[in-house]
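Working notes, structure below.
The values are calculated or read from the model by the stated rules, or taken from the named source; none is laboratory data. Since the model is a prediction, treat every value here as computed from it, not as a measurement. Counting neighbours? That spans all protein chains shown, and the Cβs are built from the backbone with ideal geometry, glycine included.
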Amino acid sequence: MKRQVRVGMVGYKFMGKAHSHAYRDLPFFFEPEAVPVLQAVAGRDRDGVEAAANQLGWASTETDWRRLIERDDIDLIDIVTPNHLHAEIAIAAAEAGKHILCEKPLALTVAEARRMARAAEQAGTVHMVCHNYRFAPAVQFAKKLIDDGRLGRIYHIRAQYLQDWIMDPNFPLVWRQRKEVTGSGALGDIGAHILDLARFLVGEFTAVTGMMETFIKERPQAEDDVRGEVDVDDATAFLARFENGAMGVFEATRFAGGNRNGNRFEINGEKGSIRWDLENMNNLEVYLEEDEKGMQGFRTIHCTEEVHPYAGAYWPPGHIIGYEHTFINLFSELMKGIAKGYSPSPNFADGLRNQMVLEGVERSAQSGGWIEISED
Ligand SMILES: NC(=O)c1ccc[n+]([C@@H]2O[C@H](COP(=O)([O-])OP(=O)(O)OC[C@H]3O[C@@H](n4cnc5c(N)ncnc54)[C@H](O)[C@@H]3O)[C@@H](O)[C@H]2O)c1
């Protein structure tokens, strides 16, 4: 019988659903050496957590996440709560010797992220951060083209994550707009994803300078009549320098009308360029300087063939996959890591590095200057 990994998940809404689905579908498409078991889900509200367990397929429930961590029949703690709980839950899970999957951003601050990375390292258990967009086959193929030198030296990355869901000034204050719960606004929520893609595809950041704006400074609150203060950014833009000499231009906003979830990047190198857009996620646009004159231009590669990473696990060429499959692909790496005893990237060290860039951008927006990103 294959090794079983008994999962205890904390939280059960948006990401809870995406993760539950991925655990269930993983053995259907892949042949993982370790198989996830949906052992228990935790939430605060008894009725809510039981309804979620029924719908999402979990065997048991808890109303306190601490109880989940105490249980001997749980191997992996999966954290899909708002950001302010990530550190406390992850550190407790590490101390109890559990493997950990944590949603992004890893923490509220660099100090917290550092403590989490240290606790996980000391525990010697497997840890990952859920930067799922890395795991789209087209993004993995982009990585392969870059690693194979097909683009040559990288000069530019320009990446945008554009949403529009809070443009209505009467949209209520939710946890994603409260600093003590979320850390930062558009920056940490969606900017963290393009920052991870940049680290994956281009390399380490060395310096950043940014600007942040809150267009709607007060919003109605669900609980009472008093309008609440929005103390995080609605939009952030920043410039970056990379270790390999590349330049980056980044934009994360929730005020880009018409863009429901526009996550896209373009990378330009000395021998070619690539472009990707989540809303067309199976395609990678590739321009290669080596093409015959007159025939040069961006071509569209439909990354659904056996040669494209992860695509072979699904359907015949041309039969597309979607958002949810990025999680299944990530979870296939997590299970491999647990079976073999290593923490696949992106792990807590990546989460910490990501947090350092997020904090650098915030500090630069306050000081108006450039901030070096360094280990100390
Ligand atoms: N990887 C991605 O693309 C992606 C997308 C969305 C959100 N996220 C991240 O996932 C995390 C959760 O976001 P979401 O959109 O699922 O939020 P959500 O608001 O939809 O769900 C949060 C869940 O946490 C639960 N929760 C809150 N406090 C709790 C507590 N004390 N104990 C137990 N459960 C508690 C809530 O009841 C709810 O089930 C965040 O860190 C967010 O940044 C990642």
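Screening residue 215 against (1) more than 16 Å from the ligand (Cβ to nearest atom); (2) surrounded by 18 or more Cβ atoms within 10 Å (Cβ to Cβ) leaves a single unmet condition, (2). When residue 258 is tested against (1) surrounded by 13 or more Cβ atoms within 10 Å (Cβ to Cβ); (2) closer than 30 Å to residue 211 by Cβ, exactly one condition is not met: (1). Here the range 99-123 is the region considered, the condition is being part of a helix (DSSP H, G or I) and within 16 Å of the ligand (Cβ to nearest atom), and the residue that is nearest to residue 191 (Cα to Cα) is 113.
Residue 121 meets the conditions (1) within 18 Å of the chain's Cα centre (by Cα); (2) outside the structural domain of residue 232 (by TED's automatic domain parsing) in every case but one. The failed one is (1). For the range 164-183, a residue qualifies if it is more than 11 Å from the ligand (Cβ to nearest atom) and within 11 Å of residue 233 (Cβ to Cβ), and the qualifying residues are 177, 179.
Taking residues in the range 1-24 that are closer than 21 Å to residue 46 by Cβ, and partners anywhere that are assigned to a loop (DSSP other than H, G, I, E, B) and of a type in the set (Phe, Trp, Tyr), not one pair has Cβ atoms closer than 6 Å while being at least 6 places apart or on different chains. Only residues that are surrounded by 19 or more Cβ atoms within 10 Å (Cβ to Cβ) and either of a type outside the set (Gly, Ala, Ser) or more than 14 Å from the ligand (Cβ to nearest atom) (or both) were counted in the range 184-208, giving 15. Taking the range 268-306 as the range and being in contact (Cβ under 8 Å) with a residue 24 or more places away in the chain and among the β-branched types (Val, Ile, Thr) as the test, the residues that pass are 274, 286, 301, 304.
Taking every residue in the range 185-210 that is not assigned by TED's automatic domain parsing to the domain that holds residue 361 and pairing it with any residue that is away from the ligand (no atom under 15 Å from the Cβ), at least 6 positions away or on another chain, yields no pair with a Cβ-Cβ distance below 6 Å. Beta carbons closer than 9 Å, at least 6 apart along the sequence or on distinct chains, pair a first residue in the range 44-58 that is assigned by TED's automatic domain parsing to the domain that holds residue 79 with a second that is more than 12 Å from the ligand (Cβ to nearest atom) and among the aromatic types (Phe, Trp, Tyr) for 49/58; 52/58; 57/23. If the condition is being of a type outside the set (A, V, I, L, M, F, W, C) and either over 26 Å from residue 241 (Cβ atoms) or not assigned by TED's automatic domain parsing to the domain that holds residue 249 (or both), then the range 138-171 contributes 163, 164, 168, 169, 170.
Note on the range 99-138: among residues that are basic (Lys, Arg) and surrounded by fewer than 24 Cβ atoms within 10 Å (Cβ to Cβ), the one that is nearest to residue 356 (Cα to Cα) is 114. The number of residues in the range 10-59 that are aliphatic (A, V, I, L, M) and surrounded by fewer than 15 Cβ atoms within 10 Å (Cβ to Cβ) comes to 2. Taking only the range 329-370 into account, find how many residues are among the basic types (Lys, Arg) and closer than 26 Å to residue 232 by Cβ. Residues that pass the stated criteria total 2.
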